[in-house]
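What follows is one structure encoded as structure tokens, with my remarks underneath.
Laboratory data are not the source of any read-out in this text; all were calculated from the coordinates shown. Only a predicted model underlies this, so the values are computations on that prediction, with no experimental measurement involved. Positions of Cβ are generated from backbone atoms using ideal geometry, with glycine treated the same way; all protein chains shown enter the neighbour counts.
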Amino acid sequence: MTRRFSRLFGATPEQLPGAPPPLHVLLLEDSAADADLILHELRRGGYEPVARRVVSRGEMLEALSDGSWQIVLLDYSLKDGETALEALASLAEFSLDLPAILVAGVIGAEEVADALRVGARDFVSKGNLTRLVPAVARELAQVEARRQQRDGEEALRQSEQRLRLALDAGGMGWWENDLVSGQLHLSDKLELMFGLEPGAFGGTYAEFIGLVHPDDRELVGASIEQAITLDAPATVYRALWPDGTVHWHERKSQRVGDADGRFKLITGVTFDVTEREEAAQALGESEERFRLIAEQARDLIALFDDEGRYLYLSPSWESILGYPAVALLGTVVSELIHPDDWPEGTKLGAGQARELRLRKADGAWLWVEALIYGVEGRDASRLAVIARDISERKRAEVERQLLEEELRQAHKLDEVVERLRELDRLKDEFIAVVSHELRTPLTSIIGYLELMQNPATGELSKEQREFAAIIERNAQRLLHVMSDLLSLAQIESGKFRLELGKADLAALAEDAVESARPAAERRHIVLTLTAEPVPALEGDHTRLAQLLDNLISNALKFTPEGGRVEIGVRTEGGSAVLEVTDSGMGISAEEQERLFERFFRTAAATDSGIQGTGLGLAITKAIVSAHGGTISVESEEGHGTVFRVQLPLRQTESA
């Protein structure tokens, strides 16, 4: 087949410029002719096969070590009575992600099922090789997907290992709690933070709670229960070392779900915050000393109970916010905090530090930076807050952010302008490429095909005539598609121009009908033209011919065999009127509203498999509009369609 292709058209796919990357194919096929057909189909599908043909299972196994094969294509019946079943079974013994597709002639459903069961990924009949390229593309895509999954899993494993090393290096202990087995694992660093030797922890919850200060065990137990049902906030507690010393820990946790969304693991990190907590405790050891400091402070200082109610406020609350201290005592802290900075339900807790807004007595908002400490008093645990006015800093930040945003927007605007210029240049280059680099050689191909089919150049065989006819039809269709794309590019770039002159609409219609008549006759469609004499138009001869071709070919596509397509040309008032009427499937009212949109295709076209770009009518409307005319459509589903074009009768200077 490849040699015959070369004799007919003078070049093999390997010689064409811009050849695709090679496809390494191991072909288990005892028929050289069938192998050529398979390779020819792969080339037609856009692949450049680098193939090795073997005729037996033994040769296949030997070839597996000789090359980096991407796919195996094998016949069912092989040399010396072997079948694909033995070859597939042997192939399965290798640890290779190498898909195999059965490409066989006439075999029974049981043989196909046996091959698929042994390891074949798909079956393609030699009598219908059009399925071969999609099947190969699918298997190659699945191989690549599996490779990416393996790479991702390995990357995840390495990432988790690096994370644990980083935690250890950063002085943080990490832990994992398996909710299924109940096992608790502590890192070596965390065991040291509990005063244990690495490896000494037994892995049970009871043993862990025993390492917590008795006064904090209820708190830690509640936080663990909470962490099972939701991602809990950080918990600060005391660890009681075997030597009797007390160390403060801050513990953060997160649930880990499986693919089904079930949480089977809780993991987290623990910091030693002894120095921080001891400093906070030292700050509140003496309430009187604290009060003396607070009375002189310019910052906002307050004490709260465990319900968040004010117990004490420094005089600065009145001087800065305007509230008499006595008016706030007993109220809840959240009443003064902006709701966006302190969502409903938020609880006060030691160790919290945040920026937030407080409402002043005059209704204005004041930005402060607040730090909350736990304070152990004689009667009960309390919380202390120190808040500093950061309004000036916030204003400066806002101004800086606005300036940065202005700079970013200006930079983006410059990028957009440059991008638009680049797109405009690309459109021009695209138009030039389509006009010259694609249309010219395609037109040449069509011309040579016509010469080949001319009896004067020699009689072609039946097969050669069929090949030439297929190529010519596809080349004509591709030329039509490129013409549509070129017109669209010109419309989008604002370079859609008319070359005005004297145009005879009736003569153009007669030429268009004659050009379309062979296509109509192939489908037994009656194609008629009724043309009255029409004065010459001031129009673009080429564009008007394109308009007629689009409307007539559209009507033929949507008219069933045995139907009618009627073309009418007449004068009406000061306009030339063109009507294209078909007895086709019709268009719904909803789709008529979108009929002239770019790339729009009706549901009937999609369901019927009618080919097209969805550009013809959009370009037709652009041509009509450029001539100062109008186009309309009348249609009813199941009762055909009428397209009506009205063009003004402006006389040319030469008319």
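At-a-glance table
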| item | result |
| --- | --- |
| Candidate aspartates and glutamates for bridging to Lys502, where Cα separation is under 20 Å - those fewer than 8 sequence places away on the same chain excluded | Glu510, Asp511, Glu532, Glu538, Asp540, Asp549, Glu572, Glu653 |
| Förster radius 60 Å - calculated FRET efficiency between His338 and Glu197, Cβ distance, rounded to 0.05 | 0.75 |
| Normalised alpha carbon radius of gyration of region 2-147 [divisor 2.2 N^0.38 Å] | 1.02 |
| Which of Val55, Ala89, Pro134, positive extreme of dipole for region 2-147 (C-beta unit charges) | Pro134 |
| Computed FRET value (nearest 0.05) for Val50 with Val398, which takes r as the C-beta separation and R₀ as 45 Å | 0.10 |
| Phi to ³J(HN,Hα) by Karplus 6.51 cos²θ - 1.76 cosθ + 1.60 over region 353-370, Hz, x for Gly, Pro | 9, 7, 9, 8, 10, 10, 7, 7, 4, 8, x, 6, 10, 10, 6, 9, 10, 10 |
| Rg/Rh for region 171-272, where both radii come from Cα atoms and Rh is the Kirkwood radius | 0.95 |
| Amide H within-cut-off set for Arg650, under 5 Å, with H built and near neighbours excluded | Glu538 |
| Sites His639 and Ala113, calculated FRET efficiency, Cβ-Cβ separation with R0 56 Å, nearest 0.05 | 0.70 |
| Set Lys462/Lys557; Lys360/Lys412; Lys189/Lys264; Lys412/Lys621; Lys126/Lys462 screened for pairs whose C-alpha atoms are more than 30 Å apart | Lys360/Lys412; Lys412/Lys621 |
| C-alpha center-to-center spacing [region 532-568, region 249-265] in angstrom | 69 |
| Region 48-154: GluC sites (Glu not before Pro) in DSSP loop, at most 13 other beta carbons within 10 Å | Glu93 |
| Over region 493-573, relative contact order from alpha-carbon pairs under 8 Å, at least 6 apart, % | 43 |
| Per-residue ³J(HN,Hα) for region 539-544, Karplus 6.51 cos²θ - 1.76 cosθ + 1.60, θ = phi - 60°, Hz, x for Gly and Pro | x, 8, 4, 5, 5, 5 |
